[in-house]
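Participant: Below is the structure I would like to discuss, written out as structure tokens.
The values are calculated or read from the model by the stated rules, or taken from the named source; none is laboratory data. What you see is a predicted model; the values in this text were computed from it and never measured. Every residue, glycine among them, receives a Cβ derived from its backbone with ideal geometry; neighbour counts consider all protein chains shown.
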Amino acid sequence: MLTKRIIPCLDVKEGRVVKGIQFLNLVDAGDPVELARFYDKEGADELVFLDISASHEGRDTIVEVVERVAAELAIPFTVGGGINKLEDMKRVLRAGADKVSVNTAALLRPELITEGSDYFGAQCIVVAIDAKYDDELESWRVYTHGGRKPTQWEVTEWAREAVKRGAGEILLTSMDKDGEKSGFNLALTKAVSEAVTVPVIASGGAGNADHFYDAFTEGKADAGLAASIFHYKETSIGELKSELQKLGVAVR
Amino acid sequence: MIGIIDYGMGNLHSVCSALKRIEQPYILSGKPEELHETDGLLLPGVGSFKDAMTELEGTGLADFIKKETENGKPLMGICLGMQLLFERSTENGLTEGLGLLPGKVDRFRGVTGEGKSYKVPHMGWNNLHFLQKEQPLLIGLDEGYVYFVHSFVVQTDNREVLAAAAHYEDVEVPAVVGRNHIMGTQFHPEKSSETGMGILKNFCQLVEEGKQR
């Protein structure tokens, strides 16, 4: 039976993990490879590295990170952040990443999705969507630039468009819920999951196992992504998975 | 020495990394004369069946693979590489495959016999059910979880080529296939943690043993 995936997200800046400093048992908690190894051992199904480097020089360091992770780990991982053109995709995928995620760049120039998908196959292209509820729209509006700029897109319309253009997966972040630890945005997740035929990763709001359970059942998500609850050891992936198993969710 | 067949289809780096990790010597090449010198062939690949066959035929690699396997060289296909071992696929129009194993490749229907729709691709970790434990790729392994990403699936009436399957909705997905020295996995062993690495090790071992014979 296909299992639901649990995906920790690591924010990487100039080659260093910027959250997750509470791993006292690690020699170097700022090393992305060390943290990746730790999560792999804990049972993470995939990893997402989000490059938040501000400079081009900083962004070059992600390629080294990708090479080192690919050399050591046998689980799939995605790289996002700073992917603006086909060349950027080639750089990280050739370094050993399995997927790239695109967000703002895809909204500014949707052809980028098709270019990546035609070149590497749809399974390599994740479209990340940041969405926030909008009273005027009576639905969720898609934002770019890390949630700073609103677009004209309603979330399910953009998700459908992204898939039509070759997205193999949708990484959906609720801006309303992000950082709240009060649970995923179930209505949003369900709306997008039902709108597209490709897998949807729910993100934003994870606080405990029940939240993941709700996202997988009511929200119809295929995977759940979280950062802080894993980084700050509020729950381990192992504990989370055994609780989900008790609740009847198929996990690895 | 393993030869990883490079025919321009997708991301071969993770397969290379995996062989490095298990300290298996390999070359990555698209040249038949170089690949001929190896003891076993790995055919990876992501992308479309039709594009892949066009590349393999255009470069002479299709004939090369057929000839090498006729002479008994072990061959393992991964993901699309496994699908290419079969007779034909309906992806982007009917395309002839390498025809080394009996069966055809079709898209997941996306809806069960009872009318329930499901996601395509079949993406994520699914557990294996062994149908033939004695298959060389499965020796010493348990029915663990492995990582799949695919929208097309092999269909065959010859159950003797099915070594392991995974279940996705109402589809029995051929996951490990093989006959004699020709075999393949629908999932990505290079991304499938211990079980995947075990399968790659088994293939490398079989290649090394074949060399000694």
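Participant: Any residue in segment A:179-188 that is within 26 Å of residue A:99 (Cα to Cα), in a helix (DSSP H, G or I) and of a type in the set (Phe, Trp, Tyr)?
Facilitator: No, segment A:179-188 contains no residue that is within 26 Å of residue A:99 (Cα to Cα), in a helix (DSSP H, G or I) and of a type in the set (Phe, Trp, Tyr).
Participant: Hey, another quick one. Out of segment B:5-25, which residues are in contact with a Phe, Trp or Tyr (Cβ under 8 Å, 6 or more places away or on another chain), at the interface with chain A (Cβ under 10 Å from one of its Cβ atoms) and touching a residue at least 40 places away in the same chain (Cβ under 8 Å)?
Facilitator: Listed by number, the list holds a single entry, B:10.
Participant: Could you name every one of the strands (runs of 3 or more DSSP E) located completely within segment B:122-213 that has at least 1 residues being more than 20 Å from residue B:84 (Cβ to Cβ)?
Facilitator: Qualifying strands (runs of 3 or more DSSP E): B:122-127, B:145-150, B:162-168, B:171-179.
Participant: Between a first residue in segment B:31-48 that is within 14 Å of chain A (Cβ to nearest Cβ) and a second residue that is among the charged types (D, E, K, R), which pairs have beta carbons less than 8 Å apart while being 6 or more apart in sequence or on different chains?
Facilitator: Once the first residue is within 14 Å of chain A (Cβ to nearest Cβ) and sits in segment B:31-48, its partners that are among the charged types (D, E, K, R) give B:48/B:91.
Participant: Looking only at segment B:126-161, filter to residues that are polar (S, T, N, Q) and more than 24 Å from residue B:90 (Cα to Cα); which one of those is surrounded by the most Cβ atoms within 10 Å (Cβ to Cβ)?
Facilitator: By that ranking, first place goes to B:126.
Participant: Among (1) away from chain A (no Cβ under 14 Å); (2) under 22 Å from residue A:120 (Cβ atoms); (3) part of a helix (DSSP H, G or I); (4) touching a strand residue (DSSP E or B) at 6+ places or on another chain (Cβ under 8 Å), there is one condition residue B:65 misses while meeting the rest; what is its number?
Facilitator: (2)
Participant: Taking segment B:104-120, which residues are buried (at least 21 other Cβ atoms within 10 Å of the Cβ) and under 17 Å from the mean Cα position of the chain (by Cα)?
Facilitator: Within segment B:104-120, B:105 is the sole residue that qualifies.
Participant: Which of the residues belonging to segment A:187-219 are touching a residue at least 60 places away in the same chain (Cβ under 8 Å) and either surrounded by fewer than 21 Cβ atoms within 10 Å (Cβ to Cβ) or away from every other protein chain (no Cβ under 14 Å) (or both)?
Facilitator: A:203, A:212
Participant: Six or more apart or on different chains, Cβ under 8 Å: which pairs go from a residue in segment A:75-99 that's hydroxyl-bearing (Ser, Thr, Tyr) to one that's at pLDDT 90 or above and assigned to a loop (DSSP other than H, G, I, E, B)? Could you list them?
Facilitator: Correct list of pairs: A:78/A:46; A:78/A:97; A:78/A:98.
Participant: Can you tell me how many residues within segment B:113-143 are more than 9 Å from chain A (Cβ to nearest Cβ) and in contact with a helix residue (DSSP H, G or I) (Cβ under 8 Å, 6 or more places away or on another chain)?
Facilitator: Going through segment B:113-143 one residue at a time, the tally reaches 11.
Participant: With the condition kept exactly as written, say whether any residue in segment A:147-163 is within 16 Å of the chain's Cα centre (by Cα), more than 19 Å from residue A:65 (Cβ to Cβ) and surrounded by fewer than 18 Cβ atoms within 10 Å (Cβ to Cβ).
Facilitator: yes
Participant: Next question, about the same structure. State whether one or more residues within segment B:199-212 are touching a residue at least 12 places away in the same chain (Cβ under 8 Å) and touching a His at 6+ places or on another chain (Cβ under 7 Å).
Facilitator: For segment B:199-212, residues touching a residue at least 12 places away in the same chain (Cβ under 8 Å) and touching a His at 6+ places or on another chain (Cβ under 7 Å): absent.
Participant: Might you let me know whether segment B:82-104 holds any residue that is in a helix (DSSP H, G or I) and within 24 Å of residue B:208 (Cβ to Cβ)?
Facilitator: Checked against the condition, which is being in a helix (DSSP H, G or I) and within 24 Å of residue B:208 (Cβ to Cβ), segment B:82-104 yields at least one hit.
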